[in-house]
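Here is the structure we will look at.
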Amino acid sequence: MPDVAADGLRVLFCGINPGLMTAATGHHFARPGNRFWPALHRSGFTPRLLKPAEQEELLSHGLGITNVVARATARADELSAEEYREGGRLLALKVARLRPRWLAVLGVTAYRTAFDDRGAKVGPQTRTIGDTRVWVLPNPSGLNAHWTPAALAEEFARLRDAAER
């Protein structure tokens, strides 16, 4: 799954890994129940609700998308801890090269495993990758039901506010 990325972005969003729909379409967060695109818009990152097929428009807003693990699966729980750790290592190299202001990892469990940070919580982290700050966002999958669409958008908006400072 190709990244949507460029040097010096405001925020590089990082999904866990491509789902099967994403892999089939070539568009990030393509599953209809995924709440990434609505949260991005409701939080003020984008002026309108983008469709997954419009993902390249993110670059004009200083935003991009990558993944911790490249392998597509039906569910993130099919990934091994070793895949997460290796993905975290490769992600850190990518971030060091692209130098976004913020890396936003979408999924606290994925972040904890990939970066061996068992105490991480949703929100800004103390870890940096070079000059890049790190923020952990909730996983926007529809399976993550304890984060409502409104609460998800609020957390995205907290990151947007920080990225604009």
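The values are calculated or read from the model by the stated rules, or taken from the named source; none is laboratory data. Quick caveat, the model's predicted, so the values are computed rather than measured. In this analysis, Cβ positions are derived from the backbone assuming ideal geometry, glycine residues included, and neighbour counts consider all displayed protein chains. Only protein heavy atoms, including side chains, enter the accessible area calculation; ligands, DNA and RNA are left aside. Shrake-Rupley method; radii C 1.70, N 1.55, O 1.52, S 1.80 Å.
Key figures
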| read-out | value |
| --- | --- |
| Qualifying residue in the range 126-143 (condition: in a loop (DSSP other than H, G, I, E, B) and either more than 30 Å from residue 32 (Cβ to Cβ) or basic (Lys, Arg) (or both)) | yes |
| Selection within the range 111-151 - touching a residue at least 24 places away in the same chain (Cβ under 8 Å) and basic (Lys, Arg) | 133 |
| Residues being open to solvent by 40 Å² or more (accessible area, probe 1.4 Å) and either in contact with a Cys (Cβ under 9 Å, 6 or more places away or on another chain) or without any contact (Cβ under 8 Å) to a residue 60 or more places away in the chain (or both) - total across the range 98-110 | 1 |
| Residue in the range 28-56 that is most open to solvent (accessible area, probe 1.4 Å), counting only those that are touching a Lys or Arg at 6+ places or on another chain (Cβ under 8 Å) and either outside any helix (DSSP H, G or I) or modelled with pLDDT under 95 (or both) | 44 |
| Filter result for residue 154 (charged (D, E, K, R), surrounded by fewer than 16 Cβ atoms within 10 Å (Cβ to Cβ), in a helix (DSSP H, G or I) and touching a residue at least 40 places away in the same chain (Cβ under 8 Å)) | yes |
| Filtered residues of the range 125-149 (kept if within 18 Å of residue 40 (Cβ to Cβ), modelled with pLDDT of 95 or more and surrounded by fewer than 16 Cβ atoms within 10 Å (Cβ to Cβ)) | none |
| Search result, residues across the range 57-83 that are more than 29 Å from residue 41 (Cβ to Cβ) and either part of a helix (DSSP H, G or I) or open to solvent by less than 30 Å² (accessible area, probe 1.4 Å) (or both) | 78, 81, 82, 83 |
| Set 112, 101: member being among the charged types (D, E, K, R) and closer than 22 Å to residue 18 by Cβ | 112 |
| Meets criteria (in contact (Cβ under 8 Å) with a residue 24 or more places away in the chain, over 22 Å from residue 151 (Cα atoms), buried (at least 19 other Cβ atoms within 10 Å of the Cβ) and out of contact with any strand residue (DSSP E or B) (no Cβ under 8 Å at 6 or more places or on another chain)) for residue 4 | no |
